[in-house]
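Quick notes on the structure that follows.
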Amino acid sequence: MNALLQGHTASTLNPAAFDTVLQVQKVSLEYRTPQRVVRATHEVSFEVDRADRFVLLGPSGCGKSTLLKAVAGFIEPVAGSIRLDGAQVREPGPDRIVVFQEFDQLPPWKTVKQNVMFPLLASRTLGREDAEERALHYLEKVGLAGFADAYPHTLSGGMKARVAIARALAMQPKILLMDEPFAALDALTRRKMQEELLQLWEEVRFTLLFVTHSIEEALIVGNRILLLSPHPGRVRAEINSHQFDLHSLGGVGFQQTAQRIHRLLFDEEVDSGQGAELGFHDIRIAY
Ligand SMILES: Nc1ncnc2c1ncn2[C@@H]1O[C@H](COP(=O)(O)OP(=O)(O)OP(=O)(O)O)[C@@H](O)[C@H]1O
């Protein structure tokens, strides 16, 4: 990999300064059908540090969801390795919880509280009493303490999203995996959920791996963004984006950065010298 460092990130200067949770090294992922082999990602590498909000960003079909599924342990790489706290990922486990966008997967016959308790009980992480206490704790964190006994069909889309997040956080995973979690929500609710996710992160400081194809969402949610090239996904660049949040929306710096990311994602002609031209202070362009 020919990499340009345009303003070194702290982690590249001193790897020991950060506590690395997830190491993805040269991971290639494929789908095999009787007719053909589809390569979803090619030699993708990145590292997620504890309490990072790390975003995988790229156009449709670049392999973001496939990467997330591989980290979750549902798909095995054909090459490369995935390590969580140093241990090779081989199968799904309660230390990695995935939140998908289909919140209607909440079992409708269970109350909100029972939904949040369910994985804790099923994985034998906690007994009933402790599971109930933990569930109520996280429901309170997402502002749904008053809805503990409600059934999912009585909730709005945003509330179901919050239940799904509470259910995932209650497991206290080493890393929370979110695959376009707000994509099915209307624009206003989506923005609210981004805000609430950031507030929750301020309180709980969980480690997040978040997939989106929205540049704006990536800049709001992430402190680091990995840009993936179109199919098959390869690492195009990594960007430090900790300076942006919802308050940055509409600002000149935010808009300019969004445009630069767009160029990095879609301009074929970007070469390794363009990091400086594009004005990023913390960017690593890879080929
Ligand atoms: N079950 C499957 N069988 C065969 N090919 C698949 C399967 N799932 C995904 N693919 C292919 O793998 C590639 C990566 O798909 P993936 O869903 O990971 O992309 P993505 O970046 O998450 O896209 P999107 O943003 O549209 O969800 C695509 O070319 C897709 O067609």
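The values are calculated or read from the model by the stated rules, or taken from the named source; none is laboratory data. Computed from a predicted structure; not experimentally measured. Note that we place each Cβ from the backbone using ideal geometry, even for glycine, and neighbour counts take in every protein chain shown. Heavy atoms of the whole protein, side chains included, go into the accessibility calculation; ligands, DNA and RNA do not. Shrake-Rupley method; radii C 1.70, N 1.55, O 1.52, S 1.80 Å.
Overview of values
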{"item": "Whole-percent carbon and sulfur share, accessible surface of the chain, 1.4 Å", "result": "49 percent"}
{"item": "Solvent exposure ordering (accessible area, 1.4 Å, most first) of 75, 239", "result": "75, 239"}
{"item": "Å³ per residue enclosed by the Cα convex hull of the chain", "result": "142 Å³"}
{"item": "For the chain, built as a Gaussian network whose Cα springs stay under 10 Å, the top-fluctuating residue of 65, 156, 81", "result": "156"}
{"item": "For the chain, accessible area per residue (1.4 Å probe, heavy atoms of protein chains only), Å²", "result": "48 Å²"}
{"item": "Helix 112-122 axis, angle to the chain major axis (alpha carbon atoms, nearest 10°)", "result": "80 degrees"}
{"item": "Inter-centroid distance (Cα atoms) of the stretch 148-222 relative to the stretch 16-85, Å", "result": "21 Å"}
{"item": "Relative contact order for the stretch 104-172, counting Cα pairs under 8 Å that sit 6 or more residues apart, in percent", "result": "46 percent"}
{"item": "C-alpha long axis of helix 252-266 to longest principal axis of the chain, angle in °", "result": "70 degrees"}
{"item": "Too-long pairs where the Cα-Cα distance tops 19 Å, listed order kept, from 113/174; 64/160; 69/113; 26/64; 160/192", "result": "113/174; 64/160; 69/113"}
{"item": "Scattering curve values for the stretch 41-198, log₁₀ I(q)/I(0), Debye with Cα scatterers, q = 0.13, 0.14, 0.15 Å⁻¹", "result": "-0.65, -0.75, -0.85"}
{"item": "In Å², nearest 10: area of residue 33 left accessible to a 1.4 Å probe", "result": "70 Å²"}
{"item": "Theoretical ellipticity at 222 nm over the chain - DSSP helices of four or more residues, -39500 (n - 2.57) apiece, nearest 500", "result": "-10000 deg cm²/dmol"}
{"item": "For the chain: relative contact order, % (alpha-carbon pairs under 8 angstrom, 6 or more apart)", "result": "27 percent"}
{"item": "Electrostatic dipole magnitude of the chain [Cβ: Lys, Arg +1; Asp, Glu -1; Cα centre; debye, to 20]", "result": "580 debye"}
{"item": "Nearest 10 degrees, 0 to 90: helix 157-170 Cα axis against the chain principal axis", "result": "90 degrees"}
{"item": "Probe 1.4 Å - accessible area at residue 242, Å² to nearest ten", "result": "120 Å²"}
{"item": "Accessible heavy-atom area order of 221, 37, highest first, probe of 1.4 Å", "result": "37, 221"}
{"item": "For the chain, built as a Gaussian network whose Cα springs stay under 10 Å, the top-fluctuating residue of 145, 135, 218", "result": "145"}
{"item": "Reference-scaled alpha-carbon Rg (2.2 N^0.38 Å with N residues) for the stretch 104-172", "result": "0.96"}
